[in-house]
């Protein structure tokens, strides 16, 4: 009778798995349990979605490893829940990322996804590329991105890799800041990322990977995260190299955690509208509110108090003992970061999409005096510090004659300045320090210059354009030569810690970067707006823009 009951239970378990799988799906045994995924025969890829890398987290509390390994075979054919976030941001009809693929959002969202060559076994020990999604730290998901194309290309070039994405807590749930919060509650979104990297170290061999050959990569907020893991490393080694696309940790936007406590600050607003009051009791009150009560009220705090940045789109500097206990800009200038190989780069017109289209909508376009006044206010509004009139006057002169991509000089000037303050200047500053001879750090830099067809001309080579050419989730593009070149650069780097002989290392003396342009990819000297970025990298200017606190 017992044997008969066990047989019935087995039949029931198999019946709950998708009919398309039967017993033919790939299986991986992990510290989170045993999972059955999907075999993609067309692409020769095995896929596992929705694997837990941590226990369901308590709000604002660091994620913990899974204490008890579940019994039985679990399904890994669908993405786990996305982390709670506002609707996807769009500018001019262009979304900042592909649509989310999970079926729901939940605080229980710490899942990861694996793409590997089919029939990979524990003997293969393949290198691993971990992709940290962007979205300004307040939106996005591992479910947006698809490793099929990159893994397929790695098989074709006989340099196979494993590709992994994961979720991490976002916005107020991942980056709440206040003097009322314990150190452990600060920047828990970054702590989630660290937890995922540790899980990968513990389980790489189980799915055919090599824990000693992990490259972390990301775009935008994901790229910023890559830099932050270099600047604030785990006590345990969890990666050996990095790829940072369109994002640096030392760009303006790291605030002291107590900044959120000021009148009009995010924490002050949140504690008031939830009736949680002030003082240390407010944090526990916010932590214990039912999600259905907390979340609609929390969303109302996402209105940006500074320029275009929501309050919860910034990491915050906490006291000693917290995850971020120093300003990243100071660590960058001091060279206080990991001496590991890295590829880092920016797109030609990063700011065009990010500043929005409001300047284009002004009718009629303002005369020069009014234009300067509007631009002055825009520049001052992007800073958490107090920018002097002298600095603004100099910036107005430096950005008086922009490259024209639209019918508005105001828009073009604002977009160039935003590109430089947020991307180009901090990248060059990092490259200068990282490539110093005494460090002997292997550094490669790029400038992505391929304009995406079918998009408004005023966007230029906008923020996230490069992702279309990596074929990891965005819509296909016609420039297949550039797609293959970019994929090969990254695949070679993940395998060999070198993107290839065609791409020379960056040195401050040569200032050579790789121009990524279809049919014209090759090394160039990086001279674009050097006067402007040199000015923005002056210590006193950085201080005015709040890069070392208030």
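The values are calculated or read from the model by the stated rules, or taken from the named source; none is laboratory data. From a predicted model like this one, the values you see are computed outputs, not experimental measurements. All Cβ positions, glycine included, derive from the backbone under ideal geometry; neighbour counts span all protein chains shown.
Among the listed residues 134, 209, which satisfies the condition of being buried (at least 24 other Cβ atoms within 10 Å of the Cβ), touching a helix residue (DSSP H, G or I) at 6+ places or on another chain (Cβ under 6 Å) and on the phi < 0 side of the Ramachandran plot?
134
Right, residue 304: assigned to a loop (DSSP other than H, G, I, E, B) and either out of contact with any helix residue (DSSP H, G or I) (no Cβ under 9 Å at 6 or more places or on another chain) or modelled with pLDDT under 90 (or both) or not?
Yes: the conditions hold for residue 304.
For (1) under 28 Å from residue 260 (Cα atoms); (2) out of contact with any helix residue (DSSP H, G or I) (no Cβ under 8 Å at 6 or more places or on another chain); (3) surrounded by fewer than 20 Cβ atoms within 10 Å (Cβ to Cβ); (4) at pLDDT 95 or above, each residue gets a yes or a no:
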residue: 417; (1), (2), (3), (4): yes, no, no, yes
residue: 431; (1), (2), (3), (4): no, yes, no, yes
residue: 435; (1), (2), (3), (4): no, yes, no, yes
residue: 442; (1), (2), (3), (4): no, yes, yes, yes
residue: 466; (1), (2), (3), (4): no, no, no, yes
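Within segment 245-259, does at least one residue satisfy the condition of being buried (at least 24 other Cβ atoms within 10 Å of the Cβ), closer than 21 Å to residue 496 by Cβ, touching a strand residue (DSSP E or B) at 6+ places or on another chain (Cβ under 8 Å) and modelled with pLDDT of 95 or more?
Yes, the conditions are met somewhere in segment 245-259.
Kindly evaluate residue 56 against the criterion of being in a loop (DSSP other than H, G, I, E, B), out of contact with any strand residue (DSSP E or B) (no Cβ under 9 Å at 6 or more places or on another chain), closer than 30 Å to residue 310 by Cβ and at pLDDT below 95.
The answer is no for residue 56.
Go through (1) surrounded by 23 or more Cβ atoms within 10 Å (Cβ to Cβ); (2) modelled with pLDDT of 95 or more and name the single condition residue 353 misses.
(2)
What single numbered condition from (1) over 20 Å from residue 64 (Cβ atoms); (2) not in a loop (DSSP other than H, G, I, E, B) fails to hold for residue 192?
(1)
Of everything in segment 323-339 that's assigned to a loop (DSSP other than H, G, I, E, B) and over 19 Å from the mean Cα position of the chain (by Cα), which residue is surrounded by the most Cβ atoms within 10 Å (Cβ to Cβ)?
Looking at residues that are assigned to a loop (DSSP other than H, G, I, E, B) and over 19 Å from the mean Cα position of the chain (by Cα), I get 326.
Restricting to segment 473-484, name every residue that is assigned to a loop (DSSP other than H, G, I, E, B) and either over 30 Å from residue 338 (Cβ atoms) or modelled with pLDDT of 95 or more (or both).
475, 476, 477, 478, 479
With respect to the numbered conditions (1) crowded, with 22+ Cβ neighbours inside 10 Å; (2) in contact with a helix residue (DSSP H, G or I) (Cβ under 7 Å, 6 or more places away or on another chain); (3) touching a residue at least 60 places away in the same chain (Cβ under 8 Å), which one is the sole condition not fulfilled by residue 493?
Here residue 493 meets the rest and fails (2).
Looking only at segment 137-187, how many residues end up being farther than 30 Å from residue 318 by Cα and in a loop (DSSP other than H, G, I, E, B)?
Of the residues in that region, 8 qualify.
Looking at residue 238, is it part of a loop (DSSP other than H, G, I, E, B), in contact with a strand residue (DSSP E or B) (Cβ under 8 Å, 6 or more places away or on another chain) and closer than 27 Å to residue 334 by Cα?
Yes: the conditions hold for residue 238.
In the set 264, 222, which member is under 27 Å from residue 543 (Cα atoms) and in a helix (DSSP H, G or I)?
Matching residue, one of 264, 222: 222.
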